[in-house]
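The values are calculated or read from the model by the stated rules, or taken from the named source; none is laboratory data. None of these values were measured; they are calculated from a predicted model. Don't worry about glycine lacking a Cβ; one is built from the backbone with ideal geometry, like all the others, and counts go over all protein chains shown. When the accessible area is computed, the model is the full protein with side chains, heavy atoms only, and any ligands, DNA or RNA have been set aside. Shrake-Rupley method; radii C 1.70, N 1.55, O 1.52, S 1.80 Å.
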Amino acid sequence: MAKTWKTEPAESLRVGADVRLADIDPGSTPGFDGDKKYGRQALESGAEQLSELQEKLFADSRAGGGKSVLLVLQAMDTAGKGGIVRHVVGAVDPQGVAHHAFKRPTEEELAHDFLWRVRNQLPDAGMIGVFDRSHYEDVLIGRVRSLVAPEVIESRYDDINAFEAEVAASGTTIVKVMLHISSDEQKARLGERLERPDKFWKYNPGDVDERLVWNDYQEAYEIALRKTSTEVAPWFVVPADKKWFARVAVQRLLIGALRGLDLGWPAADFDIETEKVRLATS
């Protein structure tokens, strides 16, 4: 396949300190040189690369390596987090994936600091961890719905930065993705769920309530992006109105993160020629 990326997503989608979501078109395809058909071909082609890199990561851990990757997915509802998990992460060996969807905190979780439950779900060495929502809920819905005092929210940004720096220092490469969907596209996707019996189970009346404070969420996201996009854990805003683009962009981000680990296949810890002879005579 010809070159598909004019600019790598790690560069074109990485946010700056002055990021404004209103300036990012949710229907755009930054850096990608192709249409939907081409995007699907790129996704299929990239699946093989991602699978091999994931296997190298897993094999490296079996040889004593301590590296892992954590994909953090944040978005408004219907933006396509589930599709990323199925169509991107789902292309690799499931034994090398640790997926966790963070829901409303339990009583036990509320009895600890807000990062306690997150620490418990960090990926082990050799794994690709996926957070479907994450600790960022505590500065997003927490801010919009005033679940805690404003000063508590403010302190959490620093807590998150310190936590992620610690995680990165331990050998985990963090890829943080905000899937940026437009209000109109979300409305259309919610409408589709109301028209199709096979989608009823996905519909949540509470999503309409959240739409009523859409601008508040956009502001909360902007603040979080600005305050917590760091060198060791940068944020990437992925336009998500076109599902095919969001998937191929996140796949490319993961491929880039894994390539950056410079992994090779572990060397044999036995005498190869001896084992050939033993096998032949067995």
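Positive end of the dipole of the chain (Cβ unit charges, origin at the Cα centre): among Trp265, Ile141, Phe200, the Cα lying farthest that way belongs to Phe200. Within the same chain, aspartates and glutamates fewer than 8 places from Lys103 are excluded, and of the rest, those with a Cα less than 18 Å from its Cα are Asp77, Asp113, Asp132, Glu137, Asp138, Asp207, Asp209, Glu210. Against the main long axis of the alpha-carbon atoms of the chain, helix 183-195 sits at an angle near 80°. If the reach is capped at under 23 angstrom between alpha carbons, list the lysines near Lys37, excluding any in the same chain fewer than eight residues apart. Partners found: Lys3, Lys6, Lys81, Lys242, Lys243.
3J(HN,Hα) along segment 26-36, derived from phi through the Karplus expression 6.51 cos²θ - 1.76 cosθ + 1.60 where θ = phi - 60°, amounts to x, x, 8, 9, x, x, 9, 9, x, 9, 4 Hz, with x in place of Gly and Pro. Evaluated on segment 117-269, the Kirkwood hydrodynamic radius is 17.8 Å, with distances taken between all distinct Cα atoms. About its Cα centre, the dipole of segment 39-96 is roughly 140 debye, where the only charges are +1 on Lys and Arg Cβ and -1 on Asp and Glu Cβ. The H on the amide N of Ala98, modeled in the peptide plane, is under 5 Å from the matching H of Ile128, Gly129, Val130, each at least 5 residues off or on a different chain. Calculate the tail of P(r) for the chain: the fraction of all Cα-Cα distances greater than 36 Å, expressed in %. Percentage above 36 Å: 18. Under a 5 Å amide H cut-off, with hydrogens placed 1.01 Å from N, Trp235 pairs with Val15, Thr230 among residues at least 5 apart or on other chains.
Residue ranking by accessible heavy-atom surface, 1.4 Å probe, largest first, among Glu219, Glu44 comes out as Glu44, Glu219.
Note on Lys56: aspartates and glutamates with a C-alpha under 20 Å away, same-chain residues under 8 apart excluded, are Glu44, Glu48, Asp93, Asp124, Asp262, Asp269.
Between Asp113 and Glu195, full extension at 0.36 nm per residue minus the direct alpha carbon distance yields a gain of 25.4 nm. Between the helical axis of 214-228 and the longest alpha-carbon principal axis of the chain there is an angle of about 50 degrees. Couplings for segment 134-142, taken from phi via the Karplus curve 6.51 cos²θ - 1.76 cosθ + 1.60 with θ = phi - 60°, read 6, 5, 6, 4, 6, 10, 9, 5, x Hz in order; Gly and Pro are left as x.
Among Ser28, Ser45, the sequence by solvent-accessible area, most first, with a 1.4 Å probe is Ser45, Ser28.
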